[in-house]
Amino acid sequence: MTDKTKDNGNHSGFGCPFTSRRQVLFGLGGAGSALAFGAFPARAEEGDGHQVTDAPTGLNSTLERVPFYGKHQAGIVTPRPATGIMAAFDVVARTPEDLETMLRKLTERIVFLTQGGEVPELDPKLPPPDSGILGPVVAPDNLTITVGLGASLFERREFLTPLKPRTLQRMTQFPNDALDAERCHGDLSLQFCANLQDTNIHALRDIVKNLPEYLVLRWMQEGDVPVIPPKPDGETESARNFLGFRDGSANPDSNDGILMQKVVWVGEGDGEPQWAHGGTYQAVRIIRNFVERWDRTPLKEQEEIFGRKKDSGAPFGGTRESDVPDYTRDPQGELTPLDAHIRLANPRTPEADDNLILRRPFNYSNGVTKSGQLDQGLLFIAYQADLEKGFIAVQTKLNGEPLEEYIKPVGGGYFFVLPGVSGPDRYLGQDLIEAVSTADTPI
Amino acid sequence: MNFTRHLRAGALAFALSTTALTGAMAQDASLDLVEPLAQYKIYVAENTAELVKDTEAFVKAIKDGDVEKAKELFAPTRTSYEAVEPIAELFSDLDVSIDARADDYEKGEEDPTFTGFHRLEYGLWEEGSTEGLDEYADQLMEDVKELNSRINELTFPPETVVGGAAALMEEVAATKISGEEDRYSRTDLWDFKANFDGAYKIFDLLKPVLEEKDSEEFLKTVQGNFDDVYEVLEEYETDEGGYVSYTKLSDEDRNLLSTKVNTLAEDLSTLRGKLGLG
Ligand code: HEM
């Protein structure tokens, strides 16, 4: 098996992990607006040869730009940069018209923020139109902003209820959860990812400032992943989480378009409303890690809990992160315990192929708890074409796993990520809005 | 929606001559603003006079040991303060003494320097008694009278008045929408109403000036957002003209108010610039 060519038995996804980033660098020379940066060939749904969960290399430039237009939204199969913010909002929009205006405005802001451009100058007696955090010219900095809709948005609006994606639902409590109502659910989710956290913060503030009549912030969680400078041989590894393990090793190959169509993107044959094709389900979980306790746990036990070596990330019996465990030769769990995290999450049986998900998490650190412990954990974000077969099925298999002693899910929510926007004359969610008016038209 | 209902009808017996008022205005106020500023000064004077009067009754109830009466008077007494907060806040020593909240103090309710409306609210609702409240009541009376006389002497800075509309919305957005303000009595909606009235008064007085300088569109949007707010608040009015407990506010209406407050804050934050004030 080649590095990062993820094996799921019956597909031949073969992403070349060693090609250099193809993302477009843009020149700032005098361009006055996002549009002035011209047309770029790449599409939002394309990866760049890296796996989504590869550690960022730290060689990134603030001029890097992820294309906005495409069949799918960016920020899902595009490589995960070093920092992210997940923010959930309540939406105040009572009519399809309100919703349309909101989505148009949101699209307009996202295009500007992700593609970059100059901030207009106003009379200094007026509040400036931009927070100024990034200076007078907003650099794209690899920013992606990914928009998802929660079940409550559909359920609380009669005109949307019939159009709700099939498996979209309100997140329920799993046995090990201790959900904090103030960090759960929402009508709309925005996932911000960029090289620098300030770029995400700038973007979030821009949206809060520009859409006050529609959006009420419910909760947000910042996160990041450690940067690892590229190795001389060009090999990449997955970024480590706050338990010190490489996280993302066995992710399905995000460069394999056919596999992504099956695992991540909603399409024909999924029994979903037409407007939802090209979208995906987003499962977000804020999972606290009891890091002090973890750091007092023997290494051997830590490794058995996950089923992987801490140093190399290799599965038991292997030597490299990309090696694939063969459970058929270990039916009793002598090598990899039967209740190891990776074995429960993916037993690598043919049936388990239906439960594949694409994980794209960040680590978070929120300060100190009342007990004087570190409040750290994983901002878990996963994408799948079917929420029930994906996240919910996998989490159900994980219920009761030994890792639970060291983790506590405290927040999150489920969202449906809108399909991409094909061009400048269109806006996010347009097919949904148009489906509403079609449904409304008396025959 | 009939707005006059929300505005205090008729001037009180404060015979403030326009010339005296104009003299009290800052020198650089543009000519257009003279009239709205004079009107606003009357509005504030009415409110602080009302505040003195209402506080007298509130304090008396406490000193009489009449918990029920004091509870009844708490929310309506505060409204005249909340309506003119942008001006009242100019005297930060009095603002702290009159309107600070427990979380402004490291020791919270136990802090001996925690005084004013919210200290009395704490005693009345949490402790259910007027015991030990006399000194706080006396202090409040003294502070309110002092505030009244200082405000009557005050030259109103035009940028504070014009900026006051947005400042009131910022107050609501930052610490009131969460229901932190009147946390023992849950009378927050009374304060909301007063804050909106205070902001609307300023906007309303500036309308003629804005009409000359700005698009109809802007005035329409702002007016529309105020209308929406009053419509929501109306649903929570009681027969006696007060408001139900803040806990009765639905999440949906809280979100709606929150978007309106923030949209008003954005729009009203441009008033100073539109009127050429620094
Ligand atoms: C704090 C919580 C978690 C931690 C620290 C954690 C950590 C890890 C680690 C270290 C691996 C092995 C490397 C890899 O393939 O990425 C892994 C694999 C995996 N995890 Fe988690 N994980 C957590 C929560 C979850 C949750 C909530 C789910 C889904 C419900 C999940 C699903 C998976 C899956 C599907 C794999 C790949 C298994 C395979 O195909 O071999 N994890 N996780």
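Below are the figures for this structure:
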quantity	calculated
D (Stokes-Einstein, µm²/s), Kirkwood Cα radius, region B:32-275, 0.692 mPa s at 37 °C	177
GNM flexibility winner over chain A from A:K370, A:K408, A:K310 (Cα, springs under 10 Å)	A:K370
Value of [θ]222 nm, deg cm²/dmol, for chain A, DSSP H segments ≥ 4, -39500 (n - 2.57) each, nearest 500	-5000 deg cm²/dmol
Shape category assigned to region A:326-427 from the gyration tensor of Cα positions, a/c cut at 1.5	oblate
Amide H contacts of A:L149 (H built 1.01 Å from N, under 5 Å, at least 5 apart or other chain)	A:S189, A:F416, A:V417, A:L418
Within-9-Å neighbourhood charge of A:G317 [Cβ basis; K, R +1; D, E -1]	-2
By average C-beta atoms within 10 angstrom, highest first, the peptides B:177-190, A:389-402, B:72-85	B:72-85, B:177-190, A:389-402
Built amide H within the under 5 Å cut-off of A:L63, gap 5+	A:D141
Where the Cα pairs of chain A fall when distances are cut into 10 Å bins, in %	4, 21, 32, 26, 12, 3, 0, 0
Local electrostatic count at A:Y427 - Lys and Arg +1, Asp and Glu -1, tallied over other residues with Cβ under 12 Å	-1
FRET E, pair B:E135, B:E235, Förster distance 35 Å, beta-carbon r, rounded to 0.05	0.30
Karplus-derived 3J(HN,Hα), 6.51/-1.76/1.60, for each residue of region A:146-151, Hz, glycine and proline x	10, 9, x, 10, x, 4
Degrees, to the nearest 10: A:430-440 long Cα axis against longest axis of chain A	70
Computed over chain A: relative contact order in percent, which uses C-alpha pairs under 8 Å that are six or more apart	24
Average partner coverage of B:268-275, which counts Cβ from other chains inside 10 Å	3
Radius 15 Å from Cβ of A:K209, net charge of other residues (Lys, Arg +1; Asp, Glu -1)	-4
For peptides B:162-173, A:217-228, A:128-139, sequence by mean Cβ density within 10 Å, most packed first	B:162-173, A:217-228, A:128-139
Highest to lowest packing among A:70-77, A:297-304, A:95-102, A:112-119, scored as the average C-beta count within 10 Å	A:70-77, A:112-119, A:95-102, A:297-304
3J(HN,Hα) from dihedral phi, region A:361-373, Karplus parametrisation 6.51/-1.76/1.60, rounded to Hz, x for glycine, proline	x, 10, 8, 10, 9, 10, x, 10, 7, 4, 7, x, 9
Computed lengthening from A:E351 to A:Q332, 0.36 nm per intervening residue step minus Cα-Cα distance	4.9 nm
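Throughout, read-outs are computed from the coordinates displayed, never taken from laboratory work. Values in this document were obtained by computation on a predicted structure and should not be read as measured data. We place every Cβ from the backbone using ideal geometry, glycine too, and count neighbours over all the protein chains shown.
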